[in-house]
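Enquirer: This structure is in structure tokens; I'll ask about it shortly.
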Amino acid sequence: MSSAAAAAATAIALCEVKQSDGSVCNKPATQHYRWDWGAEGNSCPACVPLLHQSAASLSRTFHLAPLPTTSVDSGVSRGERTQLIAAKLAAEAELEEVQQRGHSLYNSNVDLTKQVQALKMRETEHLATIAQQEEQLGQLAAKLEQRDRDAAETSTELQRLRTLVQFAEAPPPKTAPSSAKGKGQQPAGG
Ligand SMILES: [Zn+2]
């Protein structure tokens with residue numbers, strides 16, 4: 001018997017009792033029997049009476065022992081099974097909650113990313129506006145400077161003209177009598 005077969009036999013023991021028609025029962029076994037001549041096998045509860053009948057007819061004896069409960073149930077009691085199922089359900093609920101939290105975190109992350117992008121776009125627009133306004137301000141400052149220069153030139157010109165007018169209106173030299181005010185064509189110098 002290979003170890004794999006042994007494991008399978010341990011996992012699912014089947015009834016090996018021959019029926020009246022000669023076939024083997026093959027139902028899940030719960031008992032292990034051993035005849036006094038050494039033959040042994042597994043039996044389901046329904047076939048135990050058959051074993052007793054055989055023993056009676058053969059005038060032999062057999063030893064019966066429950067199979068170790070290493071099968072699917074593996075000794076888990078009903079209460080333990082209920083607890084395990086409850087724990088499994090709780091774990092599944094917790095998992096679902098965690099997944100939902102993860103999902104909502106993902107969603108809010110997407111929202112925040114959108115907000116950040118919108119703010120960045122607005123910032124870019126503001127910076128562009130500020131740059132534009134600074135440029136306009138620079139142009140205005142340049143114009144103002146130009147006007148200041150123009151005003152200074154005008155002022156200088158005005159001063160020069162005033163000076164000219166003063167000379168022009170200055171009384172003529174005493175050596176040259178003249179009528180009152182009029183066109184004085186005498187050059188005043190300059
Ligand atoms: Zn059987």
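Enquirer: Could you tell me the calculated FRET efficiency between Q83 and E135, based on Cβ-Cβ distance and R0 = 45 angstrom, to the nearest 0.05?
Expert: Numbers: r = 76 Å, r/R0 = 1.70.
FRET efficiency, Q83 to E135: 0.05.
Enquirer: On full extension of the chain, what length is gained from Q146 through S108, given 0.36 nm per residue of separation minus the C-alpha to C-alpha distance? The partial results should precede the final answer.
Expert: Details: separation 38, 0.36 × 38 = 13.68 nm, distance 5.60 nm.
Roughly 8.1 nm would be gained on extension.
Enquirer: Could I ask something else about it? Treat the count of other C-beta atoms within 10 Å as a stand-in for reagent exposure and order Y106, Y33 from fewest to most. Kindly include the intermediate steps, with their values, before the conclusion.
Expert: On the way: Y106 10, Y33 21.
Result, fewest neighbours first: Y106, Y33.
Enquirer: If each of Q159 and A93 carries a label point 7 Å out from its Cα toward its Cβ, how far apart are those two points in nm?
Expert: Rounded to a tenth, the inter-label distance reads 9.6 nm.
Enquirer: Now a separate question. Which order results if V48, V24, V98 are arranged by neighbouring Cβ count within 10 Å, fewest first? Mind dumping the intermediate values first?
Expert: Numbers: V48 17, V24 13, V98 10.
The most exposed by this proxy come first: V98, V24, V48.
Enquirer: Next question. T30's amide H: which non-local residues (gap 5+, or another chain) put their own amide H closer than 5 Å, with H modeled 1.01 Å from N in plane and none for Pro or chain starts?
Expert: S43, C44
Enquirer: I'd like the FRET efficiency for A55 and D21, computed as 1/(1 + (r/R0)^6) with the beta carbon distance as r and R0 of 22 Å, rounded to 0.05. Before the final figure, lay out each step's value.
Expert: Details: r = 20 Å, r/R0 = 0.91.
Taking R0 as 22 Å, the efficiency between A55 and D21 is 0.65.
Enquirer: Which ordering of C25, C15 is given by a fewest-first count of other beta-carbon atoms within 10 Å?
Expert: Ordered from fewest to most neighbouring Cβ atoms within 10 Å, C25, C15 come out as C25, C15.
Enquirer: Name the shape class, rounded, prolate or oblate, that the alpha-carbon gyration tensor gives for the stretch 11-66, where a ≥ b ≥ c are the square roots of its eigenvalues, rounded holds for a/c under 1.5, and otherwise prolate holds if a/b is larger than b/c and oblate otherwise. Before the final figure, lay out each step's value.
Expert: On the way: a/c = 1.93, a/b = 1.29, b/c = 1.50.
Verdict is oblate for the stretch 11-66.
Just so you know, all these numbers are worked out from the coordinates, no wet-lab data involved. Everything quoted here is computed from the prediction, not taken from an experiment. Note: ideal-geometry Cβ built from the backbone for every residue, glycine included; neighbour counts use all protein chains shown.
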